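The block underneath contains the structure these notes are about, expressed in structure tokens.
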Amino acid sequence: MRILVLGAAGQLGRDLVPRLRECGHQVVAASRAEVDITRPEQVRRALAASNSERVINCAAYTKVDQAEREPELAYAINRDGAGVVARECAERDLPLCHISTDFVFTKAPSTAGRPWTEADEPQPAGVYATSKRAGELACAAAGGPLQLVRTAWLYGNQGPNFPLAIVRAAARGKPIRVVADQLGSPTWTGDLAPALERLVSTSAQGTFHLSGAGATSWYGFAQALLQELGMEAELTPVTTAEWAAPAPRPSYSVLANQAWQDLGQPPLPDWRVGLKNWLGAERGGAIAAAIAGGG
């Protein structure tokens with residue numbers, strides 16, 4: 001299959017593109033510098049040049065706190081750019097896989113008692129979350145064949161991401177404060193990429209949650225990471241209120257991958273397994289660089 005990947009230089013794209021090629025797909029990988037999704041003429045040229053049979057849009061504005069200071073840019077990319085891609089695909093009847101986020105459940109109460117399903121109504125708060133939800137709606141409004149994928153707590157071999165930040169901080173030997181009252185599902189790009197390849201190889205349409213199995217807090221994630229690496233650090237749990245980030249975060253954004261499993265697909269590996277596999281794959285690369293950089 002001929003596939004155009006937008007946002008290919010990002011954290012997910014760097015793992016997704018090689019995976020697609022390994023599976024025999026002909027991939028055109030376009031970074032933001034090569035295709036600005038807010039520019040319809042650039043998207044049209046990319047679609048024509050690639051002669052794609054499917055498009056995967058990984059391009060996004062992901063700086064959650066900075067989005068509060070530059071909402072115009074966040075909306076330009078996450079809402080308007082997503083809409084541009086979706087409309088151009090719809091005009092050509094090209095199937096689109098659009099990547100979104102667990103942050104659309106920012107207002108969801110932590111007492112929900114169950115993971116959020118694809119049927120639950122999103123409740124975004126903050127510029128990043130609301131811009132991503134607006135992008136979801138823009139994609140749906142375009143009317144073309146659509147796979148809307150929400151993932152969560154994504155990390156890979158390219159930063160910035162949470163585990164690499166923790167490793168760098170631990171290598172510096174300074175105290176680390178980590179939020180302990182937000183629950184979610186860490187997802188390694190190395191686990192998400194194969195699932196996305198399987199999904200886009202089907203004709204299924206709709207919303208799909210794809211995240212690591214199980215749940216933990218950011219504090220629990222940091223603990224598990226340092227334990228696996230055998231690193232010692234002064235790790236202190238704090239509340240969301242104590243952390244006082246500019247942008248709101250979901251207190252509970254665990255995603256049920258029900259629609260994915262309804263396709264007969266296995267769940268993604270448990271987040272602990274994903275973490276171990278990431279460490280095994282990156283111990284001599286991103287991890288070593290983070291430790292060296294932290295020192």
*Highest-fluctuation residue, Thr117, Thr236, Thr216 considered, GNM on the chain with Cα pairs under 10 Å*: Thr236
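If each DSSP helix of 4+ residues adds -39,500 (n - 2.57) and the sum is divided by the residues in the chain, what number results at 222 nm, nearest 500 deg cm²/dmol?
Values: 12 runs with 119 residues, N = 295.
Result for the chain, helices only: -12000 deg cm²/dmol.
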*asked:* As a test, work out the antiparallel percent of DSSP beta bridges whose residues both lie in the chain, rounded to the nearest 5.
replied: 5 percent
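Taking Cα pairs under 8 Å and at least six residues apart, what relative contact order does the chain come out at, in percent?
21 percent
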*Could you pull out the chymotrypsin sites (Phe, Trp or Tyr not before Pro) across segment 241-295 that fall in loop regions by DSSP (anything but H, G, I, E, B) with no more than 15 other Cβ atoms inside 10 Å?*
none
_Most fluctuating residue given options Pro163, Pro186, Pro18, as computed from a GNM of the chain linking Cα atoms under 10 Å_ = Pro18
_Top of Thr239, Thr62, Thr202 by mean-square fluctuation, Gaussian network on the chain, Cα under 10 Å_ = Thr202
_Please rank Asp120, Asp15, fewest neighbouring Cβ atoms within 10 Å first, as an exposure proxy._
Asp120, Asp15
*asked:* Give the average over all directions of the projected area of the C-alpha convex hull of segment 144-216, one decimal, in nm².
replied: 6.4 nm²
*Write down Rg/Rh for segment 52-142, rounded to two decimals, with Rg from the C-alpha atoms and Rh from the Kirkwood relation over Cα pairs.*
1.01
*Radius of gyration, Dmax [the chain; alpha carbons; angstrom]*: 18.6, 55
_Considering the Cα positions of segment 182-247, please state its Rg to one decimal place and its Dmax as a whole number of Å._
16.4, 49
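May I ask you to derive the relative contact order of segment 129-276, considering only C-alpha pairs under 8 Å and at least 6 residues apart, and to give it as an integer percent?
With pairs under 8 Å counted, the relative contact order is 33 percent.
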*Centroid-to-centroid separation of segment 132-147 and segment 41-108 [C-alpha atoms, Å]*: 9 Å
*What aspartates and glutamates sit close enough to Lys174 to cross-link, taking a C-alpha to C-alpha distance under 18 Å and skipping anything fewer than 8 places away on the same chain?*
Glu232, Glu234
*Would you give the gap between the C-alpha center of segment 219-295 and the C-alpha center of segment 196-218, rounded to a whole Å?*
17 Å
*Among all the aspartates and glutamates, which ones have a C-alpha under 15 Å from Lys276's C-alpha, if same-chain residues fewer than 8 places away are not counted?*
Asp191, Glu228
*asked:* Need the list of lysines near Lys63 for cross-linking: C-alpha distance under 22 angstrom, and skip anything on the same chain fewer than eight residues off.
replied: Lys107, Lys132
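Only the coordinates and a few stated rules stand behind these numbers; no lab work does. Computed from a prediction, not measured in an experiment: that's the story for all the values here. Cβ atoms come from the backbone with ideal geometry, glycine included; neighbour counts cover every protein chain shown.
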